[in-house]
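Since every read-out is calculated from the coordinates, none of them should be taken as a lab result. As the structure is a computational prediction, the values presented were derived from the model and not from experiment. Cβ placement follows ideal geometry from the backbone for every residue including glycine, while neighbour counts extend to all protein chains displayed.
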Amino acid sequence: MTTEPRTPTREELEARASKPDEESLRLHAFYQGKMQVVPKCPISSARDFAYWYTPGVAAPSKAIQADPSRVYELTNKSNLIAVVSDGSRVLGLGNIGPHAGLPVMEGKALLFKYLGGVDAVALCLATQDAREFTRAVQLLEPAFGAINLEDIAQPRCFRVLAELRKTMPIPVWHDDQQGSATALLAGLIGALKVVGKRIDSIRIAMIGMGAANFATYGLLKTYGVDPAQIVACDSRGTLHRGRRDIEDRQTDLAEKWAVCQQSNPDQVTGGIQQVLRGADVCIAFACSNPKLIDPAWIRSMAKDAIVFACANPSPEIWPWDAKAAGARIVATGRSDFPNQLNNSLVFPAIFRGTLDARAVTISDDMALAAAIELARCAEELGLREDAVLPRMTDWQVVPRVAAATAMKAQELGLARVTRTREEYLESATRRILDSQRMLKVLMQEGVIAELPEPAGEIAHQLAQGAKTPVV
């Protein structure tokens, strides 16, 4: 006789959700960080240094001086990016500063390398002055092929991104804005197919109007969503044309004032409770507080409601509470829950495609192409209520999204090289597999110590020849 598995209690679920915090601290102390620098050229004897360094290195330096574009051919600039932050808005932790932000930036660099084959350097700057920060990033241009901005508070993040995109000859991307929006749109496309609703007939509630939701708002419009379908709220209530506190600061809060004017045609007032009433979709990028959204408010949403509670490290409502309240699909930013809706599904692929095409920028249309391809991959893998997006372990998705990004760059005239889709797919696949093989060899040879228990299962799987990334 078989016994039905016991449903975990709410207390057990919350205890399980806190486990990654304890384990992460132990592992970070064991390894003292996540990234190191490894040569990519062979060295068999001291004679080789004559080629890689003096006197031979003078030849590529002279070649670049004569033709600056050859820096992409003769150095690692074509595959090297900087992950830059001021630590002012890290995850759901707030303004914890550049030192405390460094583990997150290293983690970002790790995902870039493992999932996208992109070399990334974590750089946390000791300034929260927009001009100083902007100037520091501009000075990095000779060494890097692209810039990934990370965890910068708004409205400063909007000004910094706009200025850097305008003044730098290499792509600049703010992952909290553009990456979050791209992943969200892909997840929404999949979720709507599962529940059988059309995107032009739904009502969307946006909770928290920071960097991520502003970019999501913009990308939804690019995709064809009418702002009249959206009602948004910040910590002071709904956004509408009567918000004098925002109108009085139009210069500083231009993005927020635009949402006030364009959305919420019925001038709904109140807060989260009022925004969610009758909504088909909840898009929350607010704060790391599982009690921010009351389950009773989820019950007031439309039938077959979709809840995207995306704050990290903890969502605005626990997924089991949202499901119990009637939500049909729930996604969070966490990898230990079903339906991870996180920019980690996006940025390795978009940067892979951008670097391979040697694009001069990452446009909204490139992000849109990436979102559509990501959604297409999810559909081919099999859409379900608990699987509206691919997982990070579905690594074969990355080359496809990279190729879609690169091909859109070519179509828009933003690429400095021209290749076929198949060539982009092959190049991206090779880069990604090379990165994973390198890690496997370093682990097998003991250069990277075996993971201490209980996380040693990852090392075991890689040592046994796992063919897909284990994240």
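Taking only the alpha carbons of the chain, we obtain Rg and Dmax values of 22.9, 79 Å in that order. For the chain, averaging the sequence separation of C-alpha pairs within contact (under 8 Å, six or more residues apart) and dividing by the residue count gives a relative contact order of 13 percent.
For a quick check: sort Leu341, Leu123 by the number of other beta carbons within 10 angstrom, fewest at the front. Could you put the intermediate results ahead of the total?
Numbers: Leu341 27, Leu123 20.
Going from least to most buried by this count: Leu123, Leu341.
Evaluated with a Cβ-only charge set (Lys, Arg +1; Asp, Glu -1), the chain carries a dipole of roughly 640 debye about its Cα centre, given to the nearest 20. Between helix 97-116 and the chain there is an angle of about 70 degrees, using the helix long axis and the longest principal axis of the Cα atoms. Quick one: how many lysine pairs in the stretch 6-136 have C-alpha atoms under 27 angstrom apart, if they're 8 or more apart or on different chains? Lysine pairs meeting the criterion: 13.
Ranked by Cβ crowding within 10 angstrom, fewest neighbours first, how are Tyr31, Tyr72 ordered?
Values: Tyr31 14, Tyr72 17.
Fewest-to-most ranking of Tyr31, Tyr72: Tyr31, Tyr72.
In straight-distance terms, cross-link reach from Lys221 covers every one of the lysines whose alpha-carbon lies under 16 Å from its own, apart from those fewer than eight places away in the same chain; here that gives Lys256.
Counting only aspartates and glutamates at least 8 places from Lys193 when in the same chain, those with an alpha carbon closer than 14 Å to its own are Asp280, Asp304, Glu379, Glu380, Glu385, Asp386. Each part gets one Cα centre, and for the stretch 351-390 versus the stretch 206-282 those centres are 26 Å apart.
Per-residue ellipticity at 222 nm for the chain, helices alone: DSSP H runs ≥ 4 residues times -39500 (n - 2.57), over residue total, nearest 500 deg cm²/dmol?
Details: 19 runs with 214 residues, N = 471.
Result for the chain, helices only: -14000 deg cm²/dmol.
Based on DSSP, what percent of beta bridges with both residues in the chain are antiparallel, to the nearest 5?
Details: 5 of 35 bridges.
Close to 15 percent.
Using only Cα atoms, find the angle between the long axis of helix 364-381 and the longest principal axis of the chain, and express it within 0 to 90 degrees, rounded to the nearest 10. Approximately 80 degrees, to the nearest ten.
Inter-label distance, Leu13 to Ser69: 5.7 nm, where each label sits 7 Å from its Cα along the C-beta direction. Of Ile204, Ile306, Ile350, Ile199, the sequence from fewest to most neighbouring Cβ atoms within 10 angstrom is Ile199, Ile204, Ile306, Ile350. Across the options Ala369, Ile329, Val259, the greatest Cα extent toward the positive end of the charge dipole of the chain (unit charges at beta carbon of Lys, Arg, Asp, Glu) belongs to Ala369.
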